[in-house]
1. Of A:Gly234, B:Gly460, B:Val408, which is farthest along the charge dipole of the protein assembly as shown in the positive direction, counting Lys and Arg as +1 and Asp and Glu as -1 at C-beta?
2. Can you give the convex hull volume of the alpha carbon atoms of segment A:308-386 per residue, in Å³?
3. Would you report the distance distribution of C-alpha pairs in the protein assembly as shown as whole percents per 20 angstrom bin, up to the bin with the largest distance?
4. If R₀ is 35 angstrom, what is the calculated FRET efficiency for the pair B:Ala278 and B:Arg72, using the beta carbon separation as r and rounding to 0.05?
5. If you line up the long axis of helix B:400-414 against the longest principal axis of chain B, both from Cα atoms, how many degrees apart are they, to the nearest 10?
6. For the protein assembly as shown, what is the charge dipole size about the Cα centre, in debye to the nearest 20, if Lys and Arg each add +1 at the Cβ and Asp and Glu each add -1 at the Cβ?
7. Pull up all non-local amide H partners of A:Trp221: gap of 5 or more, or a different chain, and H-to-H distance under 5 Å with H placed in the peptide plane.
8. What Kirkwood hydrodynamic radius, in Å, does chain B give when the mean of 1/r is taken over all pairs of distinct Cα atoms and then inverted?
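The values are calculated or read from the model by the stated rules, or taken from the named source; none is laboratory data. Computed from a predicted model, the values in this text were never measured in an experiment. When we count neighbours, we look across all protein chains shown, and the Cβ atoms used for this are built from the backbone with ideal geometry, even at glycine. Surface areas here come from the heavy atoms of the whole protein model, side chains and all, with no ligands, DNA or RNA. Shrake-Rupley method; radii C 1.70, N 1.55, O 1.52, S 1.80 Å.
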Amino acid sequence: MQATLLTIALAPLVGAIIAGFFRNQVGRRGAHIVTIAGVAVSCLLSMHVFKLIAFDGLPTYNENVYTWFEAGGYSAHVGFLVDRLTAMMMVVVTFVSLMVHVYTIGYMAEDPGYQRFFSYIALFTFSMLMLVMSNNFLQLFFGWEAVGLVSYLLIGFWFKKPSAIFANLKAFLVNRVGDFGFLLGIAAVLMYFGTLDYATVFANRLAIDGKTIELVAGHAWAVPTVICILLFIGAMGKSAQVPLHVWLPDSMEGPTPISALIHAATMVTAGIFMVARMSPLFEMSETALATVAVIGATTAFFTGLIGLVQNDIKRVVAYSTLSQLGYMTVALGVSAYSAAVFHLMTHAFFKALLFLGAGSVIMAMHHEQDMRYMGGLRKYLPVTYWTAVIGTLALVGTPLFSGFYSKDAIIVAAQSAAHHGGAAFAYAYYAVLFGVFVTALYSFRLLYLTFHGKERFVVDAQHGDAHHDDHGDDHGHHEPGHLAHAPHESPLVVTIPLVLLAIPSVAIAWFFVQPMLIGDFFAGSIFVDIRHAPLAHFAKEFHGVVAFALHGLSTLPFWLAFAGFALATYLYLFNPAMPGRIYAALRPLARVLENKYGFDDLYQALFARGSVLLGRGLWRGGDVAVIDGAIVNGSAAVVERAASIMRWMQSGYLYHYAFAMILGLIALLGAFVWIE
Amino acid sequence: MVDNTVAIAISMADVRAMLPELFLLAAAFTILMADLFIAQAQRSVTHWLAIASLLLTGALVWRASGDDSLARSAFGGMYIADQVAAVCKLFILGSTLLAYVYARPHLKPRGLFQGEFYTLTLFAVIGMMLLVSAGNLLSAYLGLEMLALCSYALVALNRDSPLSSEAAMKYFVLGALASGLLLYGMSMVYGATGSLDLGGIRAMSSSNLLHPDLLVFGLVFIVVGIAFKFGAAPFHAWVPDVYQGSPTGVTLFVASAPKVAAFGMAYRLLDNGFGTPALWPNWAAMLSVLAVLSLVIGNVVAIAQTNLKRMLAYSTVSHVGFLLLGIIGGGADGFAASLFYATTYSITVVAAFGLIVLLSRAGFEAEEIDDFRGLNQRSPFHAFLMLVVMASFAGVPLFVGFLAKLQVLKAVIRADALWLAIVGGLCAVVGAFYYLRVIKVMYFDKPVADAPVLGATDAGFRLVLSGNVLALIALGIFGGPLLTWCMRAVAAS
């Protein structure tokens, strides 16, 4: 088992190393062959492990593989904890990663950084696996930072674009805020438990029950609340929850395959996974859970609204991702961890599908991302179109599609939490409920603007040279909406992953909704306090996959989604002039949404400018005057003076040397013989 | 009454225990004679013969260290073949071997590629092997002098160079002085304890002595002798002149293996001879003074150097300070940390001088730090090798120098000498400056217009050098086994 797990983790790393360090030796073809082979091995073995753990009843694997260091009673290990939760994550990560790898062959075909890109995404796969397979907080943090690093590198993959550099710096800085909280949380765990091993911490979790800590003198805080909120701040950064969500839309500056892999399917869900993994701790603090629910609900509803006014195809999907992450967070907040993880899984498939579909459209449009210059692409891109339809149906929660089951479970869980709990949970319930309407509206808006309606682009007559844009270039040199030649369906390496992702987007829930949400699939991985029974109501309503789908037709979420669908159809299909008029009428509201509620401007003005000013002040006052002037140059001057004196003593005269030796001898004799 | 005569009845068991030294002695004589009949054009034969004899000796040491049937003590306690001796000997042989490989391309174009270099170094190696195996003050002195006399001659190898002759002269005179002091100290110790055998001294010093002061008096002189061999301040004056004055090929040898031998000598005398709880505070306090002086003087003066060989000489003084810190820590932990420090230092410093050889060529010595300007643009790989060596010297994590410093500091802290650890840490920071300066010069300065091309070296040289340097990284990350080996050796001895 250990060898299998090591192979799963290390195979992508080997691929990354070969593609990265020997990129000139292996060439473009070699780079994608080694990385795809590595990830494929990982994927197959992950499925094998999943089968062993989930179906063959193999017990949870929890072993340390390597001791990194030991210091003062604490020993840091590299170890694997593989239970059903981990096994599921491994399959999702490696499968989506494999699809994205294959897709990249087509998407990045003309990019000069081809090998570098493959090296990065394989490295990402390794880091993500280390994160999910970890059996301790330290390794979790390693994986956490490593995926952050790769994300940073990939957002700025086209590093000649200033906007890409701005975006990756932003992602990096915002994540620092989250990671700071996360690290403090880990430190608090170490402080109270003396260990960072999951199993030991969870087994002793009651040791901190009822303990308090005074962070501000006079105000006692419950330790579990402090730990959980700190850890959750980390999740907020990584999973882009309000107010740390600002980096995710900008991360769309990166190439589309990584938007699918990192910023939709896997890395951004690390926060969700982490909280689910820490469920034994979160279950100890009602305050922390309520906080989680409120943050998630705010993200779910309000970022969805922003998606309504975006014109960039990838940004719409990005805001949709934010909103869906909010759904998962709400599920965590109402203790429905398994629903969160289940939605994580279905979302990984259909959102990766939507992103890759968007990428396919972008390729066909020669890297035009503005939906105002698209339309009517259905007939040019049949495979992309149909898979996008499937992804959209799954996303809005159409009965029988995977997204339906996972989203409905969250809404039902939020409803029962609202029923039992306070205002926070009620707020969460209404946010996720009306979020369904918003989701349907922006999803179908995207679908109609892109694939239906009139063609809003012009194919220039001049053929001849098959001109393709160089990705790294500034795309401003041609007019928007003008294509050199007609859009055409993407190659097989692009469409096959679309089809392969469309299958689980439809069907994965059929097989797993029963065991994961109602059965005890996650028993032992996820802990839910007996006071909470978030999914009891869902279990009562659930009588089989088809029956539940039929039952869904009579519920409020379905009709809200249908209303969104109907409104979008009317506005964007039958009356395309209407949205403009609405926009004009609701101008102030639209402006608020276009400004993304002012978060970006606020951060820019307050933190970015503020820290620049602070930095300049410290530089002038602290650095130049005190540190450089007094400490550095001052001590250097002292050392230099001393050195020149001692150098002078090294005169080169033999008798000076001998004299120094004799003096040394006499001093030693004096000190140790005569004085004593 | 202690029996003052050392009864020596040579038995076959004695000979077997000492087989490695005897073999090397025979080999050295063979090479000495054979070299007479080898034409200058075929001088490489001598080179390969010397390397082969080192390898074979190493194999004998290795085999003997694992052979439990061999006597651990021979010639009436004159000779000790324990694990510490084995570790020391293997690193002495290994770093000498590396020195041979690196020295050849430097000596050849300068007309110094002579048989003398090999025979003198081989005799010096025998001296070092005896020194680290000494069980008696006399055999220690014998080994020490054998090493010293060969070293004087080696430094003067390039006898047409005034710088070399001057360095050799200074080395010889100061060495004679130190040797006299050491011998005087030994006679005092003999007077106090009535024994020349180190075990006997240790046993006697625990009992009621007639003149306990006399023992401490002698100990001071012995510590001075050890400090001179190490090159610890204030007995370090010869180090910069010798390092700079000798041909780089000789510096390679003088700077590396003898440091391990000096550790062996310190271990034999201070632990085996004076390691009693009553005497330990005395020599530990003496060494503390010397260590602090070495750390401060070595690091501070190194900053002011523009000549790389001189800079490395002062850096040696500071490293000796560190090495002494471990010995001050005392006990198995302290000596093991120092042994680890000495062995890894020997292979680091030999790589550093090897890189100087690489950049030198006929008529040009790459001795000035400025000669390394912009090396990264001329040869990124060699700049990287130098980077690793410098970073390891500076004690940057991931490189073996860090691990060595860490062990020593741990040992000092365990011995409740926190202030020494703080001094050591601070001096390491100061020291980082001049190592980083070399890196800065290589990577960030523009090469001068007539930048020297790399010297002509063969593929074997480059391969060994690369392996040597990469070993510094490997040992930095996976240093556990060597460290465990050192600990076991000290614990078992």
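1. It is A:Gly234.
2. Cα convex hull per residue, to the nearest whole number: 84 Å³.
3. Bin by bin from 0 Å, the calculated values are 11, 32, 27, 21, 9, 1, 0.
4. Efficiency, rounded to the nearest 0.05: 0.85.
5. 30 degrees
6. 1040 debye
7. When sequence neighbours closer than 5 places are left aside, the close amide H contacts are A:Ile213, A:Glu214, A:Leu215.
8. Computed over Cα pairs of chain B, the Kirkwood hydrodynamic radius comes out at 22.6 Å.
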